[in-house]
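The values are calculated or read from the model by the stated rules, or taken from the named source; none is laboratory data. Fair warning: this is a prediction, and the values are worked out from it, not measured in the lab. Here Cβ is always computed from backbone atoms with ideal geometry, including for glycine, and neighbour counts include all displayed protein chains. The area values use the complete protein model at the heavy-atom level, side chains included, leaving out ligands, DNA and RNA. Shrake-Rupley method; radii C 1.70, N 1.55, O 1.52, S 1.80 Å.
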Amino acid sequence: MDYCLSNHTICAPQPLPSALKPDSLRVSDLGRRIACARPRLPRRRPLAVTAGPSHCESSSLNTPLVPRSAVGKYLSRVLQNQRQLFHVAVSEELKLLADDRDSAVARMVLSDGSDEACLHRRIVELKERDCRNTIEDVMYMLILFKFSDIKVQLVPKLSRCIYNGRLEIWPAKDWELESIYSYDVLEMIKEHVYAVTGLRPKSSVTDHWATTQVCLWHLSNIYAASILYGYFLKSASTRYRLEQTLSLSDSDQGILRNSLQPSKTWPYGWNNLVLGKRGNETEPSPLDQTSTKLSCYMMGFDSETLRRCAKVRSTVATELIEKQTIALFGDRRSLVSTGKEMGGQVIRTSFSSLKRLVLEAVAFGSFLWDIEEHVDSVYSIRGR
């Protein structure tokens with residue numbers, strides 16, 4: 001199953017790559033204070049695993065991306081020191097950013113036709129650029145907050161997790177990462193995990209701790225594709241719930257039932273994904289026999305509906321996906337140039353660690369969809 005970020009859609013066949021103090025701060029002072037502070041993997045034989053310290057245990061906000069803007073750094077401190085005020089701080093900062101940009105645009109409009117028109121246009125361009133960097137940081141902090149809600153910390157830079165050529169991520173946090181979805185969505189996510197890691201349904205603990213070799217460049221593609229898949233599933237499931245709420249008429253339901261056939265215009269691999277098949281399987285997988293209503297609903301998508309659900313709605317979100325992937329895995333060019341085998345650095349890892357990375361990426365995409373919607377309601381980012 002292949003994806004790409006071209007035109008902010010999921011497509012094929014190109015694969016895609018990666019100090020405030022708590023005792024003195026009042027909610028009413030937040031704005032003033034910040035103004036001053038501103039392909040499936042080959043299976044390998046199982047490996048005996050012994051308990052011991054992990055080289056990839058996360059702590060604090062030890063995340064791949066580090067906030068660059070003053071607002072991002074400020075929100076990072078609030079998240080760590082005054083979590084109960086985090087959403088208040090975010091709301092105030094978004095409003096300040098929106099007001100600041102709107103004021104600049106208003107001045108540009110008023111100056112139209114005057115000698116200062118060119119100057120005000122330039123001011124708006126610079127402000128848009130600065131605000132975009134700040135909004136990226138705000139969205140990333142909101143994503144971290146959602147992960148912290150389920151007591152999961154993002155995997156830090158993989159260079160810190162690789163020891164003697166082996167990548168191991170601990171704790172796995174599978175249950176926490178799966179707990180945020182409905183049954184229908186979770187079944188589809190499990191199929192995605194099976195497809196990209198090579199794990200089988202109902203795999204044993206021994207299977208999870210078996211090791212494999214993987215190219216980091218290829219793994220970065222899987223991670224980014226899984227973010228997009230989580231984003232797509234959130235969009236499709238939200239649309240599905242909305243149509244259920246609106247109670248489709250009998251005639252519409254009849255049309256829907258007649259359209260539950262795979263679309264020939266779907267990107268490569270999507271038919272197999274929705275139908276619960278992996279690769280070139282001809283025999284149905286166990287999940288085929290319990291096809292969910294959501295998967296049947298998605299099978300009825302025409303090409304335009306599929307495109308709308310799969311498209312990342314803002315360039316801010318697209319850039320955030322790319323920056324997260326690069327921060328986690330490193331620059332794609334360096335990944336290819338640092339090794340000789342398979343066109344890049346090859347490492348050993350367990351299927352459990354691969355599953356953790358994929359589940360985290362899917363959750364990242366799902367959270368990103370929600371946060372993009374929330375931020376856009378205050379500070380318009382659609383089409384930007």
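A few points about this structure:
- Here the helices (runs of 4 or more DSSP H) wholly within the range 152-218 that include at least 1 residues being over 15 Å from Val358 (Cα atoms) are 183-197, 205-208.
- Residue selected from the range 199-215 under the condition at pLDDT 90 or above and not hydroxyl-bearing (Ser, Thr, Tyr), by the criterion farthest from the chain's Cα centre (by Cα): Ala210
- Among residues of the range 95-140, those that are open to solvent by less than 70 Å² (accessible area, probe 1.4 Å) and under 26 Å from Ile227 (Cβ atoms), counted: 11
- Residue check, Asp137 part of a helix (DSSP H, G or I), closer than 25 Å to Thr318 by Cβ and out of contact with any Ser or Thr (no Cβ under 7 Å at 6 or more places or on another chain): no
- Which listed residue, of Leu233, Leu228, Leu177, Leu216, is farther than 26 Å from Leu306 by Cα and buried (at least 20 other Cβ atoms within 10 Å of the Cβ): Leu216
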